[in-house]
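Data block below; observations after.
The values are calculated or read from the model by the stated rules, or taken from the named source; none is laboratory data. Quick caveat: nothing in here was measured; it's all calculated off a predicted structure. Using ideal geometry, Cβ is built from the backbone for each residue, glycine included, and neighbour counts are taken over all protein chains shown.
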Amino acid sequence: MTALLRADGIAKAFGGVQALSGCTLEVSRGSVAGLIGPNGSGKTTLFNVITGYERADAGEVTLGGEVITNAPPDKIFARGIGRTFQLTRIFARLTVLENMLVPARRQAAGRWRNPLAGAGLRAGSPERRRAMELLDFTGIAGHAGALAGSLSYGQRKLLELACVLMADPAVILLDEPAGGVNPPLAERIAERIRELNAGGTTFLIVEHNMEFVMGLCSRVTVMDSGAVITAGPPGIIRNDPRVLGAYLGGGLEDGESGDDATAP
Amino acid sequence: MTAGAMWRGGGILALLAAAAAFPLVFTNPLVTSYGVYAMIFAAAAGAWNIFSGFSGYISLGNAVFFGSGAYAVGIAARDWHMSGLAVFGLLPLAAAVAAVISVPFGLVALRVRRHTFIVVTIAVFFIFQLMAYNFPFTGGSSGLSAPFLNWRAATYNNPFYYIALAAAAGTTALAWLIRRSRFGLQLRAIRDDEDRARGLGVRPMPVKLAAFTVSAIITGLAGGLWFYFITQVQPPSAFDPLFDLSIAVMAFLGGVGTVPGPVLGALLIEPGQLYLTQRFTNGYLSEILLGVLFLLVILLLPRGIIPAGSEKITAWRARRDRRAPAGAAGRDAGAGTAAGPPGATAQAAAAGPAERRQPPPPGGGAGAAGGRAP
């Protein structure tokens, strides 16, 4: 298996705080990779560096062999990396359907584009059809006409995921997809990730819910204090003493989250 | 065509017909002059809304374009010795000058957001007022006079009225087109969460700058027309902080980000202001009342007349449909997402609190280091 997404020796400091130091992470093409670690270990910062929201002080990010280090977020999205946020971010004053159309891409590259071309809201437009399919897929099609701001927290998570899917990204980075959602919904999200993965989408998932991570990921990377401490298949990671140590000595038993962050 | 669309189209035609008939029915020049100012401000407020209303970047510097448009046609008419009807041919110059100014202005100001953006626009505004006082070609504090138009006094206002009406109607049509377009959707996504929009492939700078320039072009045009009508311009009247506040209040009163809101606000506020100024001669009264109105709008009607009104209508229709359940068909989930009267869906005030919940870009990762390394 080849590495589709690779972060190599990433370092990032905020003032005097070294948030990341020499982080190296690989995500194989077609895999579901996990990224775990205690709060403050730098997982989200690494996400932010990969997706262009933060500049790396050192290191290199490559996607399919091409260097994308410190490219702006819109370019990185166009290259095929989509992401969701730990605290869901949606366009609250747009309808759910409008949210879906924000990332819609036109295939008409090179042709002159009408600056006032419709947003794709017209019934029967290909964008709208695709958006409705994805809303169906995530189970929130019934809310298409509602303002996104009126959705519940779990529905927002689903909308955020569906929205990213509009552009068919090669890699999707999920920041705590199961954080703060009820167990049946977490299971539904896991189910959708499996289906998408079966269709060829690669995932990198930050999650505190160990059951969720261990059940879904083929390879787990563990971070602590801004550095990667180990990586491997879930079965081995689960029993790695360094991982147990990183989680303040707490055991990583099935179903028990690594810390209190997942308490809704 | 659905019945709703026919009603809407008929309503728009009726409004346009009424607006066109206005100076023929009310021939008193004082009244028609109110009409001219109201239409000029409807265009200016609509232009402000195309940028600030849709993108959420509140500009208090649009007077830069208004004043520059006025000065551009004033200087050109003076230096090229133009007179009579030909001076109206200079109006595109007002638009062009405003467009040229908007690009560097936007490239600087649009790098920052929210309060900082507002402060930058105010700063640029004062720079332009100072330049108008001090440049050799602007006539200093005595300003410029417009070429004399040898028209009959009784109908003098009418050509101005119709040009201004066309500008206001054109601006509104453009706002409608933009709001339903992909460009408009990107602007509104930027308003809600610019960083998230970026992460979904929207390039904010070109989108914001395009809207800023469109807004500037219309405002410059309005400024040029205003100058011909008022026949003279000085730095404090061309670059007037009250202009910026007025168009913002107009948009807020009618409904920021809606298509008809700013026009409605302009038609309500501008004649009122003119009447107060003329009736009490003390110009400060209308300004004080404008400030009071701003506070009242923010307190009582924060989203404006149009969204609040359409919510009432939606609620009324829902009640009616409950009484006659058979009539409730035809409003599927996707309805109300089109550009139509914005806010037509049941938009409970959810937007407000939801916005506050949105976090800043996660800067995380730091802080929990210390001694736990394996």
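Details
- Residue within the stretch A:235-257 that is touching a Pro at 6+ places or on another chain (Cβ under 8 Å), at pLDDT below 80, surrounded by 14 or more Cβ atoms within 10 Å (Cβ to Cβ) and small (Gly, Ala, Ser) present: yes
- Candidate set from the stretch A:29-40 (those that are more than 7 Å from chain B (Cβ to nearest Cβ) and within 20 Å of A:Asp175 (Cβ to Cβ)); member that is surrounded by the most Cβ atoms within 10 Å (Cβ to Cβ): A:Leu35
- Residue match in the stretch A:179-191 (condition: touching a strand residue (DSSP E or B) at 6+ places or on another chain (Cβ under 8 Å) and either crowded, with 21+ Cβ neighbours inside 10 Å or of a type in the set (Phe, Trp, Tyr) (or both)): no
- With respect to being buried (at least 22 other Cβ atoms within 10 Å of the Cβ) and acidic (Asp, Glu), A:Asp168 falls outside the description.
- Residue, farthest from B:Thr171 (Cα to Cα), within the stretch B:198-249, restricted to residues that are of a type outside the set (A, V, I, L, M, F, W, C) and within 14 Å of chain A (Cβ to nearest Cβ): B:Gly199
- You will find that of B:Tyr57, B:Tyr71, B:Tyr37, the residue that is more than 26 Å from B:Ile178 (Cα to Cα), touching a residue at least 60 places away in the same chain (Cβ under 8 Å) and aromatic (Phe, Trp, Tyr) is B:Tyr71 and no other.
- In this structure, B:Leu174 does not qualify as buried (at least 20 other Cβ atoms within 10 Å of the Cβ) and in a helix (DSSP H, G or I).
- 2 or more residues aromatic (Phe, Trp, Tyr) and surrounded by fewer than 20 Cβ atoms within 10 Å (Cβ to Cβ): qualifying helices (runs of 4 or more DSSP H) within the stretch B:192-291: B:261-280
- Scanning the stretch B:172-183 for residues that are within 7 Å of chain A (Cβ to nearest Cβ) and not hydrophobic (A, V, I, L, M, F, W, C) returns B:Arg180, B:Ser181, B:Arg182.
- Residue ranges of strands (runs of 3 or more DSSP E) in the stretch A:1-43 with at least 3 members within 19 Å of A:Ile236 (Cα to Cα): A:17-28, A:32-36
- Flag for A:Thr51 being within 29 Å of B:Arg180 (Cβ to Cβ) and buried (at least 19 other Cβ atoms within 10 Å of the Cβ): no
Conditions tested, residue by residue: (1) under 25 Å from B:Ala166 (Cβ atoms); (2) of a type outside the set (Asp, Glu).
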| residue | (1), (2) |
| --- | --- |
| B:Asp195 | no, no |
| B:Arg198 | no, yes |
| B:Ala211 | yes, yes |
| B:Gly257 | yes, yes |
| B:Pro271 | yes, yes |
| B:Val292 | no, yes |
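- Residue in the stretch A:176-190 that is within 14 Å of another protein chain (Cβ to nearest Cβ), within 13 Å of the chain's Cα centre (by Cα), under 24 Å from A:Ala231 (Cβ atoms) and of a type in the set (Asp, Glu) present: yes
- Cβ-Cβ distances below 8 Å connect the following pairs, each with a first residue in the stretch B:300-314 that is crowded, with 18+ Cβ neighbours inside 10 Å and of a type in the set (A, V, I, L, M), a second residue that is part of a loop (DSSP other than H, G, I, E, B) and at pLDDT 80 or above, and a separation of six or more residues or different chains: B:Ile305/B:Gly255; B:Ile306/B:Gly255; B:Ile306/B:Thr258; B:Ile306/B:Pro260.
- Tally, over the stretch A:182-232, of residues that are without any contact (Cβ under 8 Å) to a residue 24 or more places away in the chain and assigned to a loop (DSSP other than H, G, I, E, B): 1
- Residue list for the stretch A:55-77, filter: over 18 Å from A:Gly42 (Cα atoms) and free of Cβ contacts under 8 Å to residues at least 40 places away in the same chain: A:Gly65, A:Glu66, A:Val67, A:Ile68, A:Ala71, A:Pro72, A:Pro73, A:Asp74, A:Lys75, A:Ile76
- When restricted to residues that are crowded, with 24+ Cβ neighbours inside 10 Å and small (Gly, Ala, Ser), the stretch A:139-161 contains 2.
- Residue list for the stretch A:1-26, restricted to those being more than 7 Å from chain B (Cβ to nearest Cβ) and farther than 16 Å from A:Ile229 by Cα: A:Met1, A:Thr2, A:Ala3, A:Leu4, A:Leu5, A:Arg6, A:Lys12, A:Ala13, A:Gly15, A:Gly16
- The residues on offer are A:Ala170, A:Ala117, A:Ala123, and the sole one that is touching a strand residue (DSSP E or B) at 6+ places or on another chain (Cβ under 8 Å) and within 8 Å of chain B (Cβ to nearest Cβ) is A:Ala117.
- Of all residue pairs spaced 6 or more apart or on separate chains, those with beta-carbon atoms under 8 Å, a first member in the stretch A:1-27 that is free of Cβ contacts under 8 Å to residues at least 12 places away in the same chain and a second member that is outside any strand (DSSP E or B) are A:Phe14/B:Gly363; A:Phe14/B:Gly365; A:Phe14/B:Ala366; A:Val17/B:Ala366; A:Val17/B:Gly367; A:Val17/B:Ala369.
- Residue in the stretch B:136-144 that is touching a Gly at 6+ places or on another chain (Cβ under 9 Å), buried (at least 17 other Cβ atoms within 10 Å of the Cβ) and either at pLDDT 85 or above or in a helix (DSSP H, G or I) (or both) present: yes
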